[in-house]
Amino acid sequence: MDHVFWPGVVSVFVMYGLIFGVGVWASRGRTTGTGSEEGTLDELMLAGRSLPLWLGLLSMTATWVGGGYINGTVEATYSMGLLWGLQAPIGYSLSLILGGLFFARFMRKNEYATLIDPLEIRFGKGLGLAFTGVAVLSELIWSAAILVALGSTFATVVGLDFQTSLIVSAIVAVGYTITGGLWSVAWTDAVQLTLLVVGLGLAVPYAVGSSGGTEGVLRGMAELTRDVSGGHEVVSYGDWLLLLILGGVPWNVYFQRVLATPSPDTAARLSIGGGFLCMAMAVPALILGFSAQATTWGALANDPAGLAAFGGQEGVVALLQENPSMVLPMQLRLAVPGLIGVIGLGAVAAAVMSSVDSSILSATSMAAWNGFKRVLRPHTTMPEMVRLMRLLIVGIGAVATVIALVVPSVKALWYLCGDVVYVLLFPALVLALWDGKANRVGMASGLLVSAILRLGGGEPSLAVPPFLPYPEWTDGGMVAFPFRTVAMVAGLVVAMVVSRATASVDPPVPLSALSEKR
C-alpha cells in the first residue's frame, strides 16, 4: 500500500524499543552463563524456579491473550456473534483452570524441566524424542503464524512492508530472549500486557462512541447474536471447544511458567488465576467486536486520508468481509482519535510479541534439553547447554521467520498443530501421569490409531482428502463430524487396552519413577 501511516509506524517501533530495553534490563544481574562458568540452565529456561506469582500471572496471561486472542475474539464476534466470540475465551480460560487443578502442582512438585520429561520417563527416549519433535514443531509454527498475522496487520493497516515488519519483529523478540531467557520474557510479558490493557482501555470508549454509543453496541449485539443451529453444528462447536480446553494443556509454553514458580501451590494458583485473567481480557474484545458491526465507517472523521486510502465505506466493508481479522486494527486506525489509535496499534503489536518470544524460548528449551542433552549427548555440561540454548534461540527464531515468509498456508498449519497436540500429546500426558499400567507398546499403538483417525477426516493444508467413512456432515467442504475428539478418545482407550494386554512383554515404568531425582 502506497499510503504509509507513519504515526502508527513510529508508535510500533517506540513500543518495540521499550520492550527490548525492558528485556535487556531484566537480564542484568541474572546468572545466565554469560562469560561465566556459574550459569545454570535453570536460569535461562525456568528463571531459576523463582518466578514470583504476580509476575507469573502477568506472563501467563500475556502469552495467552497476546498471540491472536484479542484480535481473534474481535474477529469472531464481528463475523459470527457472541457465542463464537466467547469460544476461545472460554476454551483458553478453562484450559488454564484445568491445568491448575490437575497438572500444575504435580509437574512442579517433581521439578521437571519441560512438558516432555514425564513422557520420556514413562515411555522411553524413543517416544520421548518423537513427542519432542511434535511439540517443537507446534511451537515453531505457532510463532510463524503469529508473525504472519503481525506482518499482515502492518501491511494492511499501517502500510509498512510485510517482510520488513515481520523480520524486525522477529529480531526484537530473539534479541531480548537471548539475553535473559525466561526472566527477560516474563518481564517483557508484564510490560506488554500493561500496554495492551492501557491501549484497549483508551480505545474502547471512543470505538463505542463511533458506533453510536451503548445503543450501537446493543444493536450490533442484536444483529450478530444467534444460537448454534442444528445438532451437527452443536457437536462441531463442542468438538472445537474441547480442543481448546484439553488441547490447551499440553503446551510447553504453558508448563514453562508453571515449572518456573517457587512451589507446587504457587504453580496451581498461577494457572488458575491466569484462567480468570484471560476471561477478563475478553470483555473489551467482545465490546469492540459488537461496536465494529454497528460502525458506519464512511461517517468517521478521525482519519479522512486513511479512510480514503481504504476506499471509503464500501472499501472498508469489502476489506473486512474478505479479511475479518483486520477489524481490530481498522478500528484503531479509523474509529478512535489519532493519538489513541497510534497508542493502541503499538500496544497490540507489542502484545503479540509476548507470544512470539515465549514460543521461541519454549521450543528452544525442549530441543536443547529433551532432544540434545537427554538423548544425543547426556554428558553436556551446563555452560555448554547455555551456549547451545542461545544458538538455538537464534536458529529457531530464524526458522520461524523463514516459515512465515515463504509458506503460503501457515495459519492452516497452525490449526493442524493444535489438532496434533490435542489428539496425540494430551492422551499421552494423561496416561503418563495417571495410568500406572500404561507402557511403550500401548502408547505407540494409541498414537498410531489417533493419527490415522485424525487424518481420516482430511487435512487441506497437507492435501489429504477425507478417507474414512465418517458421517457425511460437511461444513464448507470439510467434515464437521467431531473426528478430532473421536481420534483423541480412541487413541486413549487403545493405549490403555494394549498396555494391559502387553504388560508381560513390556512391563510399564511405575508411576513412582516420576518422582525419582534424575
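Got at least one residue in the range 164-173 being within 26 Å of Trp25 (Cβ to Cβ) and either part of a loop (DSSP other than H, G, I, E, B) or touching a Phe, Trp or Tyr at 6+ places or on another chain (Cβ under 6 Å) (or both)? Yes: one or more hits.
Does Leu405 qualify as being free of Cβ contacts under 8 Å to residues at least 12 places away in the same chain and either among the hydroxyl-bearing types (Ser, Thr, Tyr) or out of contact with any Ser or Thr (no Cβ under 8 Å at 6 or more places or on another chain) (or both)? No, not satisfied. Criterion applied to Trp187, Trp142 was being under 25 Å from Arg387 (Cα atoms) and buried (at least 24 other Cβ atoms within 10 Å of the Cβ), and the one residue passing it is Trp142. The set of residues from the range 205-220 being surrounded by 20 or more Cβ atoms within 10 Å (Cβ to Cβ) and either under 30 Å from the mean Cα position of the chain (by Cα) or among the aliphatic types (A, V, I, L, M) (or both) comprises Ala207, Val208, Val217, Gly220.
Return the residues of the range 55-65 that are under 12 Å from the mean Cα position of the chain (by Cα) and either over 16 Å from Gly201 (Cβ atoms) or aromatic (Phe, Trp, Tyr) (or both); say none if nothing qualifies. Met60, Thr63, Trp64, listed by residue number.
Restricting attention to the range 269-294, and to residues there that are surrounded by 24 or more Cβ atoms within 10 Å (Cβ to Cβ) and over 16 Å from the mean Cα position of the chain (by Cα), which single residue is nearest to Lys109 (Cα to Cα)? The qualifying residue nearest to Lys109 (Cα to Cα) is Leu270. Here Ser450 meets each of (1) surrounded by fewer than 19 Cβ atoms within 10 Å (Cβ to Cβ); (2) over 21 Å from the mean Cα position of the chain (by Cα); (3) among the hydroxyl-bearing types (Ser, Thr, Tyr) with one exception, condition (1). Listed by position, the helices (runs of 4 or more DSSP H) inside the range 265-368 whose residues that are farther than 20 Å from Glu75 by Cα and touching an Asp or Glu at 6+ places or on another chain (Cβ under 6 Å) number at least 1 are 338-366. You will find that of Gly457, Gly442, the residue that is surrounded by 20 or more Cβ atoms within 10 Å (Cβ to Cβ), outside the structural domain of Ala113 (by TED's automatic domain parsing) and not in a helix (DSSP H, G or I) is Gly457 and no other.
The values are calculated or read from the model by the stated rules, or taken from the named source; none is laboratory data. This one's a predicted model, so the numbers in the text were calculated from it and none came from an experiment. Heads up, the Cβs are rebuilt from the backbone with ideal geometry, glycines too, and the neighbour counts pull from every protein chain shown.
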